[in-house]
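J.: Have a look at this one before I ask anything.
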Amino acid sequence: MAKRLKETDVVMLGVGLVGSILGRELTKAGLEVVGLERGEPRYTVPDFQGPAMHDELRYSIRKSLMMDAAKETYTFRNSAAETALPMRRIQGFLPGAGLGGSAVHWNGQTYRFHDADFRMRTLATERYGKDFLGPEYTFQDWGVSYADLEPYYDRFEYLLGVSGKAGNVQGKKIPGGNVLEEPRSRGYPTRPMKEPYGSAMFRKAAEGLGYHPFTQPSSNLSEPYTNPEGMTLNTCMFCGYCERYGCEHFAKASPQTVVLPVLLKDPKFKLRTQCQVQRINLDSSGRNATGVTYIDGQGREFEQPAKLVVVGLFALNNVRMLLLSKIGAPYDPASGEGVVGRNYSYQTTSGVNVFYDENTNINPFMRSGASGTLIADFVSDNFDHAKLGFLGGGYIGEVMSHGRPIEFHPTPPGTPSWGSEWKKAVVRHYNHTATVSTHGSSISTRYNYLDLDPTYKDAWGQPLMRMTFDFPENDIKLSAFITERAAEIAKAMGGKQIAASPRKRPYNSTQYQSTHNTGGTIMGLERSTSVLNRYCQSWDVPNVFVIGASCYPQNASYNPTGTVGALAYWAADAIVGKYIRSPGPLMS
Amino acid sequence: MRLLFLLLLLPLSAVAQPSGVQGCASCHGAQGEGNATNGTPRIAGQPQAYLERQLAAYADGRRDNGVMTPIARQLAPQERAALSAYYSELRAPAGKLPPSAVASVQRGRALAMRGDAGLNVQGCQNCHGPGGVGFGNVNPYLAGLDRRYLETALGEWRSGSRKTDPSQQMNQIARNLSDADVKALATYYASQSPPQPATVARRRP
């Protein structure tokens with residue numbers, strides 16, 4: 001029997017990036033907020049301190065900061081014709097668990113999407129015609145434009161202190177920055193990061209081919225910075241332990257370093273950790289949420305009544321929470337009807353290794369999660385797709401994040417994958433290899449989707465999320481094209497040999513590619529094709545807001561975190577400025 | 001093969017005293033063990049690159065010290081390199097560890113090992129190695145250094161007169177520490193045994 005707690009104004013599901021920002025904005029507006037976090041509390045001091053934090057076996061291989069797959073996981077299959085099986089280990093992507101969520105272990109790559117991403121259906125139709133891609137592609141407009149989100153991107157970047165060089169400030173192009181970016185209202189808060197050697201060679205090669213290289217915008221900071229919350233971040237030390245790790249130096253922007261300490265001092269915010277939310281409760285009308293039911297670390301069940309429910313879990317778990325709570329119609333791939341779970345998309349990545357002679361020392365260990373140099377010439381709709389037969393794009397860059405000993409051992413094609421020859425090759429190539437990556441968009445189709453698994457359940461007896469995904473033909477073509485461009489640059493980087501690996505089907509959930517899972521609770525302008533309206537508010541249950549990459553109708557070329565942050569501030573503004581004054585649907 | 005041969009010769013050449021050592025020894029001690037009576041730090045076994053950078057910094061004003069600045073300015077870059085190499089390989093006995101107040105050592109150890117969340121200060125050992133034995137070529141060891149020297153050094157970081165950390169991490173950290181914390185840290189590290197230089201064979205080029 002659940003113990004019923006005192007009602008609060010807002011219950012926040014997940015205290016990660018979204019939960020911390022929303023918690024701060026809503027308490028500032030005078031609301032009482034309860035934040036429920038499934039994992040444990042953790043802070044820069046003492047939890048992220050060295051030398052324990054550089055334990056690669058513990059954090060990279062055993063994934064100590066991630067969701068515990070022994071308690072809950074996802075099931076996976078490549079197509080609806082297969083039977084999905086549970087991922088017994090977290091490998092293909094990294095859902096964070098614990099205070100601060102995945103924004104603790106991220107790399108800090110911080111971008112803005114393009115207007116062509118937000119208004120993809122409209123703009124692609126204008127430029128390439130209505131039937132450029134087949135009817136199986138379900139990409140659509142977000143219901144917001146780049147101009148709508150610009151002030152919120154700006155706010156998020158100044159919260160994090162992002163290091164970079166602007167290439168387009170209010171329409172004025174600035175050489176050396178990303179001249180192909182959308183106009184920003186002002187430059188980055190801190191100067192760009194230093195350029196590693198491999199990145200410098202990439203820059204020279206890309207310039208030689210007529211492209212526009214720039215330094216990657218980084219939330220591992222280039223210099224000390226104090227943000228508008230009064231939090232001070234330090235300079236990144238290029239230790240190469242960002243993704244999968246917490247930062248010991250207060251140098252990586254994470255909830256812990258940019259806002260949480262301020263939020264936790266606010267008596268209107270109550271943090272409860274190790275709380276596993278089971279469902280959002282609805283009243284008998286099914287149109288109004290009354291709060292949530294959760295189970296704490298001791299196995300006790302509680303009901304937390306609330307006037308407003310904000311869902312800010314890992315993207316896949318946002319979808320699962322709505323399905324478990326029966327909010328919105330589940331998507332049915334057979335009929336194409338229903339919305340929750342629809343338009344799941346991912347990220348289409350590939351790599352090109354450049355192998356150098358033994359006099360060229362790349363020093364891959366001297367990196368930062370978001371250091372490096374890239375080009376945006378093939379991002380989004382920055383290039384003409386008319387003759388290419390696909391939509392979307394990607395960036396190409398020498399953006400290596402680390403040279404950690406267990407994970408980084410590039411060897412040329414033909415090297416055995418184990419044994420003494422492999423060891424010899426690793427020694428020979430470790431310090432003499434640069435990696436050029438491509439990071440491409442992922443289009444939504446009617447065949448890729450999320451629903452509840454009919455067989456497998458979590459430790460609390462709830463059905464697992466089932467993922468059905470394979471790379472769409474559009475993205476295979478995209479990867480072939482963009483990996484060829486990357487290989488051309490790689491060839492111009494002066495190595496002895498290159499090895500390119502364009503993305504191939506089938507998607508394999510046991511090999512890490514990207515944590516960027518998107519869609520499933522998508523935002524839009526029409527309730528027949530979206531779960532949320534343009535303010536991230538549920539069409540069906542207006543006192544539920546869902547914020548995160550699950551709102552994306554399809555995934556874009558760049559890393560998604562900048563847009564998650566912008567949407568968090570965008571939705572917070574809608575809640576504080578509109579919803580609180582007059583609770584109810586913000587769009588009809 | 002020839003490289004290996006040269007490496008084997010290195011300890012011999014490193015032990016040979018370069019010119020200028022007498023001058024250093026008058027304050028830093030015959031074996032670079034430091035001098036507790038006037039707060040001159042121990043330099044034996046500090047990384048060569050670190051020592052060389054400090055001499056360069058004294059010469060160009062990034063470190064300001066009435067005694068060291070004129071000396072560093074008189075030394076040619078090759079002489080600084082030779083002296084740094086010499087002292088980096090020198091083994092010196094640990095000085096008599098100073099008796100210290102227990103509470104201060106405990107606070108200093110806590111700061112050294114894990115930092116302080118309230119002060120936004122990370123643990124010293126992230127960069128200076130577990131127990132403060134140094135890390136790599138540029139992060140000096142702190143264990144067994146003179147207490148007054150450590151206090152002075154943190155004071156210089158705090159005031160900004162020491163400009164040898166382009167990341168400003170050390171300046172930020174020192175500014176966040178209270179006077180009592182500076183004392184506690186200096187007391188803690190001064191009470192630890194200094195590391196001895198690794199042999200050349202163990203140090204990969």
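J.: Could you order peptides A:551-560, B:61-70, A:276-285, A:60-69 by the average number of other Cβ atoms within 10 Å of their residues, highest first?
T.: A:551-560, A:60-69, A:276-285, B:61-70
J.: Okay, next question. Between segment A:458-521 and segment A:257-316, how far is it from one alpha carbon centroid to the other, in angstrom?
T.: 34 Å
J.: For peptide A:249-261, how many partner chain Cβ atoms fall within 10 Å of a residue's Cβ, on average?
T.: 2
J.: Oh, and also: Rank-order B:139-148, A:75-84, A:413-422 by packing density, defined as the average count of other C-beta atoms within 10 Å over each peptide's residues, highest first.
T.: Ranking the peptides B:139-148, A:75-84, A:413-422 by packing returns B:139-148, A:75-84, A:413-422.
J.: So, one more: For segment A:279-369, take every pair of Cα atoms, bin their distances at 5 Å starting from 0, and report each bin as a whole percent.
T.: 2, 9, 13, 16, 12, 9, 7, 6, 6, 7, 6, 4, 2, 1, 0
J.: Calculate the mean, over all residues of peptide B:110-120, of how many other protein chain Cβ atoms lie within 10 angstrom of the residue's Cβ.
T.: 4
J.: If you line up the Cα atoms of chain B on their principal axes, what length do they span on each, largest first, in Å?
T.: The Cα atoms of chain B stretch 53, 34, 33 Å along the principal axes, largest first.
J.: When Cβ neighbours within 10 Å are restricted to other protein chains, what is their mean count per residue of peptide B:170-179?
T.: Averaged over the peptide's residues, the number is 2.
J.: Quick one: angle between helix A:146-160 and the longest Cα principal axis of chain A, in degrees between 0 and 90, rounded to 10, please.
T.: Relative to chain A, helix A:146-160 is tipped by roughly 80 degrees.
J.: Any chance you could list P(r) for segment A:211-341, counting all Cα-Cα pairs in 10 angstrom bins from zero, rounded to whole %?
T.: 10, 26, 26, 23, 14, 2
J.: Looking at this model, which pairs from A:Lys165/A:Lys491; A:Lys3/A:Lys268; A:Lys130/A:Lys457; A:Lys252/A:Lys387; A:Lys173/A:Lys504; A:Lys270/A:Lys578 are more than 31 angstrom apart at the alpha-carbon?
T.: A:Lys130/A:Lys457; A:Lys252/A:Lys387; A:Lys173/A:Lys504
J.: Same structure again: Give me the orientation-averaged projected area of the Cα convex hull of segment A:89-215, in nm², one decimal.
T.: 11.7 nm²
J.: For chain A, what is the percent of antiparallel DSSP beta bridges, rounded to the nearest 5?
T.: 65 percent
J.: What number, rounded to the nearest 500 deg cm²/dmol, is the helix-based mean residue ellipticity at 222 nm of the protein assembly as shown, given -39500 (n - 2.57) per DSSP H run of at least four residues and division by all its residues?
T.: That comes out to -8500 deg cm²/dmol.
J.: Translational D (Stokes-Einstein, µm²/s) of segment B:102-190 at 20 °C and 1.002 mPa s when Rh comes from the Kirkwood sum over C-alpha pairs?
T.: So the translational diffusion coefficient is about 168 µm²/s.
J.: Which value results when the Cα radius of gyration for segment A:484-556 is divided by 2.2 N^0.38 Å?
T.: Segment A:484-556 yields a ratio of 1.73.
J.: While we're looking at this one, here's another question. Starting from the alpha-carbon convex hull of segment A:459-588, give the projected area averaged over all orientations, in nm².
T.: Averaging across all directions leaves 12.0 nm² for the Cα convex hull.
J.: Over all directions, the average projected area of the alpha-carbon convex hull for segment A:1-45 comes to how many nm²?
T.: 4.3 nm²
J.: Here's another thing I want to ask about it. Name the lysines eligible as straight-distance cross-link partners of A:Lys172: C-alpha to C-alpha under 28 Å, and not fewer than 8 places from it in the same chain.
T.: Reachable lysines: A:Lys194, A:Lys204.
J.: In degrees from 0 to 90, rounded to the nearest 10, what is the angle of the helix A:420-429 Cα long axis to the longest principal axis of chain A?
T.: The helix A:420-429 is inclined about 80 degrees to chain A.
J.: Just how many % of Cα pairs in segment A:51-142 lie over 18 Å apart, if you round to the nearest whole percent?
T.: 66 percent
J.: In chain A, how does Rg compare with the Kirkwood Rh, expressed as the Rg/Rh ratio over alpha carbon atoms?
T.: 0.95
Taken together, the values in this text are just the output of simple stated rules run on the coordinates, not laboratory data. Quick caveat: nothing in here was measured; it's all calculated off a predicted structure. FYI the Cβ positions are ideal-geometry reconstructions off the backbone, even for glycines, and counts take in every protein chain you see.
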